[in-house]
Structure formats: C-alpha cells, structure tokens
Amino acid sequence: MAAVARARVITFGIDGPGDIHAHDVQSQGLKGITFWVNIKGEETFLTLPYVGSPGVAIAVVAIAVGHGFGMNIAEMQEGLQDERTQVRLLLVQGPRGSQLIDDTYNASTPSVLAALNLMRELPGTRKIAVLGEMRELGTHTETGHRIVGGRAGETVDMLVTFGELTDIAIAAARESASAAGRDLKVVRFTPDQREEITAFLLEELDQGDMVLLKGAHGLQMETIVHALRDSASRGASA
C-alpha cells in the first residue's frame, strides 16, 4: 500500500519497524503504562494513564497523526496525559471495594480476548469475568465463543455468563481450566435474567475483586454496571 500511495506515508507499530513505533511496554497496573516511543530515530520515554497495553496502540496512532501534522512529542503530551482518551473501557468502583472493568459497549472475539488479557495485568484477589454472548459473528459464532471461553478458563477464578450462546464458552472454559489445574466457578444466566445477574453480583462482589463486564450491545449490560456503581456510591456515603 505504501509503495503505491501518492500521499505522504507514515508507518507505525509496536515492537517492530515503523516511522513511529513503541517498544519495551510495561504495565503499571492501575497506574497506567510506560514505554519508549521511537519517532524516526528519536527516543522518548512515556508514562501514560491508560489501563492495559491496548492503550499503547491508541497512543502510537495519536503520535503518528500528530507527527504528520508537524507536532513534536512535547506538544502531544497534554493530550496523551488526558485519562478521557481511554476509549470505551473504564475502570470504576464496584460494591464493597471491588473494581469494575466496564467494557460493555459491545463484544467481538478479539476485543474480549484483549479485555481478558488486561485482567491478567491488573491486581485482584479474585478475577471475575461477566461475559455476555457475542452476537453478529455469523459463521464464526461457535468458534469465537470457544476461543473466548478457553482464554477465560486460563485467566479468571469465576466466570459469570449472560446469554444462550455462552454455553459454548462455558464448556471451553471448563476444559481449559481443568487442563491448567485451575478451579473455576461458573454461574450462568439467560438473556431475560438481567435483574437476577445484577442481584447476584451485588451479593457476590467483595473487597479486592477485579471484575470484567463485557458483552453484546443488545444485552444492555451497561445497566448492570450502573446498578453496581450506584451500590458502590451508596456504600461510600453511608
């Protein structure tokens, strides 16, 4: 593509060749990420407030665009340091000292895998994934749920599912957890049990839990997050 483009070409990436590329990425947990960025041979060390390594991709794209407009890295720093740059995924307080990774806007196989990988980087007494079914995957529906379930079984201590299609993920999660010698608790809810899953989480979540919530947009899982956050706010003001 670059060879035939008539416009100016700026390449970017992570741990690889490119006019702008990041390397030596380190997660600092809830404090953010650190990495070196190379801008056409000039190295700069950055500490940014994004939770998880996916934030590096956001930063590198932004730096490449800024560079294309003639900005230097010092001029870009203010925008890069803005926590609101964290796209869609939010880290918020849950009931009784739990923490919620709110990534409820939608779900695809790659995005759920990225969210589960993020859980590995973050501290937590228990890792709990509340995963809704993934829709609109077409012929990839079964494979996608099997892949996600397998990763969940390797990553979390409790898997809470929401939707009929998650039965595929549950089977894969149990298989991968067993293969890794891990104990995995599984709790299943159907799409018409939004109130029940909310009540379960309000009762179950406790201090130190790190909880990922993610699923198809049609499941309206953001309403579950709102209820959990409201409970946390009431508890803080009590």
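The values are calculated or read from the model by the stated rules, or taken from the named source; none is laboratory data. As the structure is a prediction and not an experimental result, all values here were calculated from the model. Ideal geometry is used to build each Cβ from the backbone, glycine not excepted, and the neighbour counts take in all protein chains shown.
Selection of the range 93-141 for residues being surrounded by fewer than 21 Cβ atoms within 10 Å (Cβ to Cβ) and among the β-branched types (Val, Ile, Thr) yields 109, 125, 139, 141. Looking across the range 176-203, the residues that are touching a strand residue (DSSP E or B) at 6+ places or on another chain (Cβ under 9 Å) and touching a residue at least 60 places away in the same chain (Cβ under 8 Å) come down to 197, 201. Counting only strands (runs of 3 or more DSSP E) wholly contained in the range 1-86, the ones carrying 2 or more residues that are farther than 25 Å from residue 113 by Cα occupy 33-39, 42-48.
Working only within the range 205-223, note down all residues that are in contact (Cβ under 8 Å) with a residue 60 or more places away in the chain and not hydrophobic (A, V, I, L, M, F, W, C). Across the range 205-223, the qualifying residues are 206, 207, 208, 209, 214, 215, 217, 218, 222. Listed by first and then second residue, the pairs linking a residue in the range 1-30 that is among the polar types (S, T, N, Q) to a residue that is at pLDDT below 75, with Cβ atoms under 8 Å apart and 6 or more places separating them unless they lie on different chains, are 11/2; 27/52; 27/53.
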